[in-house]
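Asker: Attaching a single structure in structure tokens format; questions to follow.
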Amino acid sequence: MFPRRRYFCGIPKTREFRNVKRIIDIIFEYIRSNLKKILFLVAMVYFIFWIFFDDYSIVKRIRMEADHSRLLDRQKVEQKKIIDNELRIQHAHDPDSIEKAAREKYNFRKQGETLFIIREK
């Protein structure tokens, strides 16, 4: 007669199976005895992943805030330029503003005047 085999979930109990089962038991026993430590490590790994690799990570958030403040400053400068240009357009037909534009932009001068051009670097 053939020897009777013992099965565990359809897998015959062999020496290799017992070794695997022993390793799994050791792992679960370690987890049971050090549960707080393992949960802390899992939480730390999740936190580090969240800080550096997530779509809404802190690093990306800081970069976006810096870009936002830089763009707001640029918007203020551009708004000021727009207001200056609107004032220039409103006063474009005044003879004084035409003379001022000709002197500043095209370096025109009156007769008998000496013109000194100072360029900013």
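Asker: What are the radius of gyration and Dmax of the chain, computed over its Cα atoms and given in Å?
Answerer: 39.7, 132
Asker: Taking only C-alpha pairs under 8 Å that are 6+ residues apart, what is the relative contact order of the chain in percent? Spell out each step's value before the answer.
Answerer: Details: 22 pairs, mean separation 7.0, N = 121.
Relative contact order for the chain comes out at 6 percent.
Asker: OK, next. Using only the alpha-carbon atoms, how far is helix 35-52 inclined from the longest principal axis of the chain? Give it as 0 to 90 degrees, nearest 10.
Answerer: Long axis of 35-52 versus the principal axis of the chain: about 30 degrees.
Asker: Let me ask something additional. Nearest 10 degrees, 0 to 90: what angle lies between the long axis of helix 58-90 and the longest principal axis of the chain (Cα atoms)?
Answerer: 20
Asker: For the chain, with only Lys/Arg (+1) and Asp/Glu (-1) charged at the beta-carbon, what is the dipole magnitude about the Cα centre, in debye rounded to 20?
Answerer: It works out to roughly 1580 debye.
Asker: Okay, next question. In the chain, what is the count of Lys pairs whose alpha carbons are under 18 Å apart, counting only pairs at least 8 residues apart or on separate chains?
Answerer: 5
Asker: Give the angle, between 0 and 90 degrees and rounded to the nearest 10, that separates the Cα long axis of helix 15-33 from the longest principal axis of the Cα atoms of the chain.
Answerer: It works out to around 50 degrees.
Read-outs: derived from the displayed coordinates by stated rules, not from any lab. If you're wondering where the values come from, they're calculated on a predicted model, not measured in any experiment. For neighbour counting, all protein chains shown are included, and Cβ atoms are generated from backbone atoms with ideal geometry for every residue, glycine included.
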